[in-house]
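**Q** Can you keep this structure in mind? I'll have questions shortly.
The values are calculated or read from the model by the stated rules, or taken from the named source; none is laboratory data. Note that the coordinates shown come from a computational prediction; the quantities given were computed from them, not determined experimentally. Using ideal geometry, Cβ is built from the backbone for each residue, glycine included, and neighbour counts are taken over all protein chains shown. Remember, those area values only see protein heavy atoms, side chains included, never the ligands or the DNA or RNA. Shrake-Rupley method; radii C 1.70, N 1.55, O 1.52, S 1.80 Å.
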Amino acid sequence: DMAVRHYTLDFNLSTAVECASVVPGLLSIFHEQELAETIHDTNGHGYLATFVGKNGRFVDNSHFSVCVSQLLNSLEKKLKVILNGNIARTKKLPPLVRGAKVDRYWPTADGRLVEYDIDKVVYEEDSPYQNIKILHSKQYGNILVLDGDVNLAESDYAYTEAITGSGKENYAGKEVLILGGGDGGILAELVKHKPKMITMVEISFMVIDGCKTHMRKTCGNILDSLRGDCYQILIEDCVPLLKKYVREGRTFDYVINDLTAIPISTSPEEDSTWEFLRLILDLSIRVLHPKGKYFTQGNSVNLTEALSLYEEQLGKLSCPVDFRKQVVCVPSYLEQWVFYTAWKK
């Protein structure tokens, strides 16, 4: 199956021009390539034509990119001549590839389309909860993508560092609760600090299974076993477990919320993302030791409204909290990311 490539020559004019005075001068470039022209009616709104090569094909596939590039170069030169300095700006854009076997386009949190240098899918499975992909990027290593949301790449230690306190916390001998974290990055980092016990709660074993094989630069060998000297991994929904801990009066020195941006729970209470977030926040703070700390990722620094709404949730908890935030550049996100630390007042 062949991918479709869209090539674009983008330009701005200093002043308006009539199509009738420009188009005839450009047509010769297409005719030289033996392209047949079909004109489409635009009801007077500019000029639209499609050009098709012999036998319905533009050119031989092996020479496709070269020919299109040459064609755009010729068009650009011809436009500059015909318009005689009336072009304020001109730019040839990289081709947009659609229908390729490997999808390279993943949006940022604030809705900008980013093209990654992804060259292969190394793992893809559908769990009962989400679609799990691990994609290989030449620049970032393997990238975990859950339900179309870029979660973490092997190059993203900055994320792990920020969500664990940026190296300023003493985890030695402490009780730690990790919510989510199926890529194993946080767990692998924290066991180095000799905590008393880390309890990690991940709803999907399939995320762990994929990451322990294909994200080893992130997790090392920590996911090879669900139990170790100072950690245990529980494969279950964190909401009922948090409620159980609240009932039992169990507390942790640190709670780290590394759940995906898309709420996943078997409980029926999360009618909206914000209700789910507030529920997790509230339960997490309730199982936090009086002098403990809660860490979580927030959102893109550009999503100021979403960040304000999140901070509003922090003010609605059953136990009042103070918080601070930190802005970090996570390599594979290609955008600045906000992380929060909260503690009981």
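**Q** Percent of accessible area on region 4-98 owned by carbon and sulfur, 1.4 Å probe? Don't skip to the end; give the middle numbers.
**A** Numbers: 3490 of 6510 Å².
Reported share for carbon and sulfur atoms: 54 percent.
**Q** Separate question: Solvent-accessible area of Thr260, probe 1.4 Å, all protein chains present, reported in Å² to the nearest ten, please.
**A** 40 Å²
**Q** Return the calculated 222 nm mean residue ellipticity for the chain, to the nearest 500 deg cm²/dmol, obtained by summing -39500 (n - 2.57) across DSSP H runs with n ≥ 4 and dividing by the residue count.
**A** After summing the helix terms and dividing by residue count, I get -8500 deg cm²/dmol.
**Q** Could you look at region 115-244 and say what percent of its accessible area is carbon and sulfur, using a 1.4 Å probe and all protein chains?
**A** 46 percent
**Q** Right, next: Sorting check: for 97-106, 218-227, 42-51, 193-202, which peptide has the highest mean count of neighbouring beta carbons within 10 Å, and how do the rest follow?
**A** 193-202, 218-227, 97-106, 42-51
**Q** Report ³J(HN,Hα) in whole Hz for each residue of region 322-332, in order, from the Karplus equation J = 6.51 cos²θ - 1.76 cosθ + 1.60 where θ = phi - 60°; Gly and Pro get x.
**A** Result, ordered by residue: 9, 8, 9, 10, 9, 9, 10, 8, 8, x, 6 Hz.
**Q** Average projected area of the Cα convex hull of region 155-344, in nm²?
**A** 10.1 nm²
**Q** Let me ask another. So what are the three principal axis dimensions of region 49-194 from its Cα atoms, in whole Å, longest to shortest?
**A** 75, 38, 23
**Q** Cα extents of region 4-98 along the three principal axes, largest first, in whole Å?
**A** Each principal axis gives a Cα extent; for region 4-98 these are 39, 27, 25 Å.
**Q** Sticking with this one: Along the positive direction of the dipole of the chain (beta-carbon charges: Lys, Arg +1; Asp, Glu -1; about the Cα centre), which of Val301, Ala172, Tyr333 reaches farthest?
**A** Towards the positive end, the residue furthest out is Ala172.
**Q** Then there is this: List the residues whose amide H sits under 5 Å from the amide H of Leu177, counting only those 5 or more places along or on another chain, with H placed 1.01 Å from N in the peptide plane.
**A** Thr199, Tyr254, Val255, Ile256
**Q** Counting only DSSP beta bridges with both residues in the chain, tell me the antiparallel percent, nearest 5.
**A** Roughly 70 percent of the DSSP beta bridges within the chain come out antiparallel.
**Q** Same structure again: Of Ile203, Ile285, which has the most accessible area and how do the rest follow, probe 1.4 Å?
**A** Correct descending sequence by accessible area is Ile203, Ile285.
**Q** Under unit Cβ charges (Lys, Arg +1; Asp, Glu -1), what dipole magnitude, rounded to 20 debye, does the chain have relative to its Cα centre?
**A** Rounded to the nearest 20 debye, it is 980 debye.
**Q** Right, something else. In whole Å, what are the Cα extents of the chain along the three principal axes, biggest one first?
**A** Projected onto its principal axes, the Cα set of the chain covers 80, 39, 37 Å.
**Q** How large is the accessible surface per residue of the chain, computed with a 1.4 Å probe and reported in Å² as a whole number?
**A** The answer is 52 Å² per residue.
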